[in-house]
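The values are calculated or read from the model by the stated rules, or taken from the named source; none is laboratory data. Worth saying up front: this structure is predicted, and the values here are computed from it rather than measured. Please note: Cβ atoms are built from the backbone with ideal geometry, for glycine as well, and neighbour counts cover all protein chains shown.
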Amino acid sequence: MSEERNYVKRTQRDYSLSLKLQIVQEIERGELSTHGACKKYGIQARSTIVSWLRKFGNFDWETQTPLQMPKTPEQQIMELQAKVKLLEKQKALLEQQVNFTDKKAIIFDMLIDIAEKEYNIDIRKNSSPEQLANLENKRNKR
């Protein structure tokens, strides 16, 4: 029993602009090759993707140099959305680091307080006026 493959002839209109731009970005970032994109997204011809690269891409595929053409509004929006996501991730990471650093500073401050009480010495460089007065009183008593 032989299996028949029913190919549906597609046109450029069958693919949404967002899908085209996504594929172009993945190829330009080096995540996919044109052949890989054909397999991943079920696109029948590599030439379809090459035409999208020429139309929407930031790279001149003939001379292998970046184009200095203005980007379409859709490309600008997608780039800005990617930047926003990256910045949100970076912000979350920095907030975690700040939280950790704050906790660490509190613990160090507590350790200094304990050491000062246990050993009856002033460890902090910038003493408050009250600490300076106490220190002078201790010295005068000796």
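Is it the case that the stretch 67-83 has a residue that's in contact with a strand residue (DSSP E or B) (Cβ under 6 Å, 6 or more places away or on another chain), modelled with pLDDT under 85 and surrounded by 10 or more Cβ atoms within 10 Å (Cβ to Cβ)? Scanning the stretch 67-83, I find at least one residue that is in contact with a strand residue (DSSP E or B) (Cβ under 6 Å, 6 or more places away or on another chain), modelled with pLDDT under 85 and surrounded by 10 or more Cβ atoms within 10 Å (Cβ to Cβ), so the answer is yes.
Table: residues versus (1) surrounded by 10 or more Cβ atoms within 10 Å (Cβ to Cβ); (2) at pLDDT 95 or above; (3) at negative phi; (4) basic (Lys, Arg).
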site: 90; (1), (2), (3), (4): yes, no, yes, no
site: 95; (1), (2), (3), (4): yes, yes, yes, no
site: 111; (1), (2), (3), (4): yes, no, yes, no
site: 115; (1), (2), (3), (4): yes, no, yes, no
site: 121; (1), (2), (3), (4): no, no, yes, no
site: 124; (1), (2), (3), (4): yes, no, yes, yes
site: 130; (1), (2), (3), (4): no, no, yes, no
